[in-house]
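Since the structure comes first, as structure tokens, the remarks are kept for the end.
Just so it is clear, none of the values below were taken in a lab; they were calculated from the coordinates. Note that the structure is a prediction, hence the values are computed from the model and not measured. Cβ placement follows ideal geometry from the backbone for every residue including glycine, while neighbour counts extend to all protein chains displayed.
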Amino acid sequence: MPSPRPAGQGRRGTFRFAGLERRIVLFVGGLLIPVLGSVLLVVNEVNQRNARSAIDDGLAVGGRVFERLLEQNNRQLTQAAEILSLDFAFRQAVATRDLRTTESVLVNHGARIGADLMTLVSLDRRVIADNRDRRLVGQPFRFPWLIDAAEIEGRAAGMEVSEDGQLYQLAVVPVRAPEPIAWAVFGFLVRGRLDKEVSSLTRLGVSFFGKTSGEARWTVLDSTLPPEQLQAQEQMLRGDAAHARHSLTVESPQGEYRTLIMPLPERGAIMIVATLAQSVDEVLAPYRRLEIILLLLGAAALAVSAVGGVLIARGITRPIHALADMSRRIEEGDFTHAAAVEGKDEIAELARRFDRMREGLAAREDQIRRLAYRDVLTDLPNRTLFNDRLRVAMELAERERKPVAVLLLDLDRFKQINDTLGHQTGDQVLQQTARRLGALLRKSDTIARLGGDEFSVLLDCGVEAAKQIAQKLLKGLDEPIVVGEHSLDVRASIGIAGYPVDSADPETLMRHADLAMYAAKRGNLGIAAYDSTLGRHRREQLSLLSELRRAIENDELRLTFQPKIDMSSGEIAGAEVLVRWQHPERGLVPPGDFIPFAEQTGFIKSITRWVIEAAARQSSRWRALGMSLKLLVNISVQDLLDTGMPDVILATLKRHGVPAGSLGLEITESSVMQDQAAAIAVLKRLRALDIDISVDDFGTGYSSLAYVRQLQATELKIDRSFVRNLVQDEKNRAIVLSIIELAHNLDLTVVAEGVEDRSSLEVLRKLGCDLVQGYVFTQPLPEEEFRDWFAAWKPAAARTIAA
Amino acid sequence: MRASSTASSAALLSLALLAGRAGAAQITAIVIDQDGLPLADAVVVAVPVQGAPTAPPPAAREIVDQIDEEFVPRVKPVVVGTPVFFPNKDNIRHQVYSFSAAKRFELPLYAGTPAKPVVFDKPGVVVLGCNIHDWMIGYVYVSESPYFAKTGADGKALLGDLPALAYRVRVWHPRLQGQESATQQTADLGSNGRAELSWKLALKHEMRIRRAPVPGMRGHY
């Protein structure tokens, strides 16, 4: 397991991703802010320029409108005044010089045209009547210049400031009778009339200022502007500003005002100036609104872009975080968390691929772990895992002072199943066995396959309880295991070793269980618990091998011979060569006691060579004595797989001058199974050398006759188990008969071995068996005794026996 | 200039008065305006320096027509007590009036010639107007002396058949600026029965009202 990554590294990674968000936001902001700023600046600039030009245009138009209005008002006023002055009653009243009448006529007629000021002036320019103030009567008329103008023009009009400081638009016309006899003066107050009119037409602020030439300050005569603005305007007018018509900008607390100054014609002592003013702010207001909208839009765009940028960045970084997180987990060996990334974009695609990679890694790691800790065939824990669990269990047991037991279970005859029915069948037998055993155990118990047909069970109980469980397991295997068409009896041997009674360390405990299992197998006990004597037996076996070697070196092996009698002639057709071990201490050891061991250890090949050598020598001797009979030597699997075997045999026979036909080899059908092709190749060569092949123990395995033919067999030996109860057992009889018939059909010679009594012999003869071998004639005999027996053998007698 | 000639001619006039009453004397008056142009319609009145004015002659009927919405003649000098008819020659009505101190009168709307004349019984200038047509203006100059004449287009007026006396001669004109009396000159016709007087008058700006448009015609004339 790799050490966890330092935290700082992960944090640095996170910081970098946050940086991506920041970069996108900075980029969007960096792009938008200058663009929006420039747009705003340009818009503002254009707006200002437009507004100012619009203001100046507006002022120019306003100025013209003002003048036109003034002119128009003057004309209207004058005309109205003229019409009034020509009214006969008016003229008559004036002509009468009756002051009261004149006054009332003046007021009455002035009211007709809505005049605010009405004055009647004599030709010598004194006031005759005035609607405002009677005290004025007799005084010189205030605006003689108007009359000067009227004398020339016939009429005159103008703006004048009255005695009470009010600004009037005045019209002066003569009162004719029909020659001028007086001057009628009519005036409109500018305040509330002309100013409103101009203001509403031009939408400009209108103001009138007046001053006598000596004064420095201007007096406000009338205005539609707020007072503060007026003050600013008044200040602006000081100096030369009022001398010519022009426009300028006035700053006031209300803001900027663009002002058009229009001096009115100067006639009297009072200079009058009209101003038209436009608030710059007011004109700019819609533009400002536009700018504010633009600004808001810009800000919104900026915000949306920033948020969008962050979201996009998150959209990128979050899956990357997730992927980084996932890869960190994977690094730590945690494959369970999928990267939570959804969508259809490239990142999601990357995430999916990451996920697939993760799943692949997880699956492979799982696979590796299974391979490391599981038996692939049975899906049970393997030896490694079992040892691991055993170690843990023993450590726990030591702490808690509890017992642990190990069962070691090995299938009997499994090798045979494997050899005869094939590995696939064997594998299925193992799988089914594993399932059955597993079903009989508790979940907490560990059952493992250690290899081959060897299983082990870890139990948290003592040896006695383990024995019962072992019993249960064996019982579970009573039912035949069905693989395809085969119904197989599988038996097993179980060895038991317990902690702490048998051993304190796992390795020894396993070895002890192994020893117990071998003991059970050897003794055909089914179950065996370990005891200290078993170790000794094992040691004996080890010494057996060296003893066997010594046996060959010291020539301790002996051959015995058991004759085969031809049922039809009664002649001795040959003899099976068997081997005995004349142990210097233990005496005669039967072949069952050391041949399986020799087969297991591979020492059998040495034995076989020794036997062939000895048999050839014997055959050669007997032939010299005139005893011509075929000797049949048993060979094992290892021999069949030894490709040098045929040459060794040929060389041996030649050396002893024995023809190949006088040697036969006996094989068991199962011995061919391990490497069929190689074995059959060897058999074919032997057969080509004219060495007969006899198949031993026929009927015990699962092979067919067709298979026997494949083995190049010339002879078939029916297993003694079929022969033993031949007289009583009808079924066996039927089997033997069918074997004989089939063998004959295949041109094979049939041998019955293990024939012990005459009745059996008789049955065999009837069944058509070709050759017979067994105690009914003789037990296997050593060389000298066989020679004697051979000499004494009467074929006729044999026939008699048979009969 | 005017003063010097007046002084010398005054001496002559006294001699003429003595010379004879027979009306063979005459005054030739020439009136020009300030621009030196001959001034028409100026009334030149001669009043004997000594003695009351001669009694007015039996009332001769005078006429001031209204033709084409104008007074014709525009200036009518008459001697005090003269009845004047104001016949209307237009096919519309007129309403002639005067607010002048010398004679106030009003002729209500009329067509043709009113039955009664207006008798101008006080000397002075009577300004005539028509209440319907504002631009119509006419003058009846009521003279206390029977010796008067009106200048023609050439600015000349001849006061003939005068007793050879010494006269105060003055000029009046509708546009005369200043007092009429200021124009007074003396002429003594006693010496040779003839005098030639000239005036250069400063005139007022004329303040005439435009004529109203004539129906059927465009504009004013």
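Summary of computed values
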quantity: Ranked list, fewest to most other Cβ atoms within 10 Å of each Cβ, for A:Cys769, A:Cys461; calculated: A:Cys461, A:Cys769
quantity: Contact order relative to length of chain A, as percent, for alpha carbon pairs under 8 angstrom and 6 or more apart; calculated: 7 percent
quantity: Cα Rg, Dmax (largest Cα-Cα span) when computed across the protein assembly as shown, Å; calculated: 82.5, 247
quantity: Helix A:144-153 axis, angle to chain A major axis (alpha carbon atoms, nearest 10°); calculated: 90 degrees
quantity: Helix-derived mean residue ellipticity, 222 nm - over chain A, DSSP H n ≥ 4, -39500 (n - 2.57), to 500; calculated: -17500 deg cm²/dmol
quantity: Förster-model FRET efficiency, 45 Å R0, A:Ile152 and B:Asp121, C-beta, rounded to 0.05; calculated: 0.80
quantity: Loop trypsin sites (Lys or Arg not before Pro), segment A:335-400, which have at most 16 other Cβ atoms in a 10 Å radius of their Cβ (DSSP); calculated: A:Lys344
quantity: In sequence order, calculated HN-Hα J values of segment A:627-643 (Karplus, 6.51, -1.76, 1.60; Hz; x Gly/Pro); calculated: 8, 9, 8, 7, 9, 10, 9, 7, 10, 9, 4, 4, 5, 5, 8, 8, 5
quantity: 5 angstrom amide H check on A:Phe561, placed H, neighbours 5+ away; calculated: A:Leu578, A:Leu781
quantity: Local electrostatic count at A:Ala624 - Lys and Arg +1, Asp and Glu -1, tallied over other residues with Cβ under 13 Å; calculated: +4
quantity: Net charge contributed by nearby residues that have their C-beta within less than 11 Å of A:Asp747 (K/R +1, D/E -1); calculated: 0
quantity: Virtual spin-label span in nm between A:Trp789 and B:Ala202, 7 Å along Cα→Cβ; calculated: 20.0 nm
quantity: Taking A:Lys472, B:Lys76, A:Lys415 and counting other C-beta atoms within 10 Å, the order from fewest to most; calculated: A:Lys472, A:Lys415, B:Lys76
quantity: Rounded FRET efficiency, nearest 0.05, which uses the C-beta distance separating A:Ser543 from A:His744 and R0 of 35 Å; calculated: 0.15
quantity: Pairwise label distance in nanometres, A:Glu266 with B:Ala153, each label 7 Å out on the Cα-Cβ vector; calculated: 4.9 nm
quantity: Long-range amide H partners of A:Leu632 with built H, under 5 Å; calculated: A:Ala575, A:Glu576, A:Val577, A:Gly664
quantity: Cβ-derived FRET efficiency at R0 45 Å, A:Leu588 paired with A:Glu398, nearest 0.05; calculated: 0.35
quantity: Nearest-ten-degree value, helix A:423-440 long axis tilted from longest Cα axis of chain A; calculated: 70 degrees
quantity: Helix A:532-553 axis, angle to chain A major axis (alpha carbon atoms, nearest 10°); calculated: 60 degrees
quantity: HN-Hα J in Hz across segment A:560-567 - Karplus 6.51, -1.76, 1.60, θ = phi - 60°, x for Gly and Pro; calculated: 10, 10, 10, x, 10, 10, 6, 5
quantity: Amide H partners (placed H, <5 Å) of B:Thr82, local residues excluded; calculated: B:Phe120
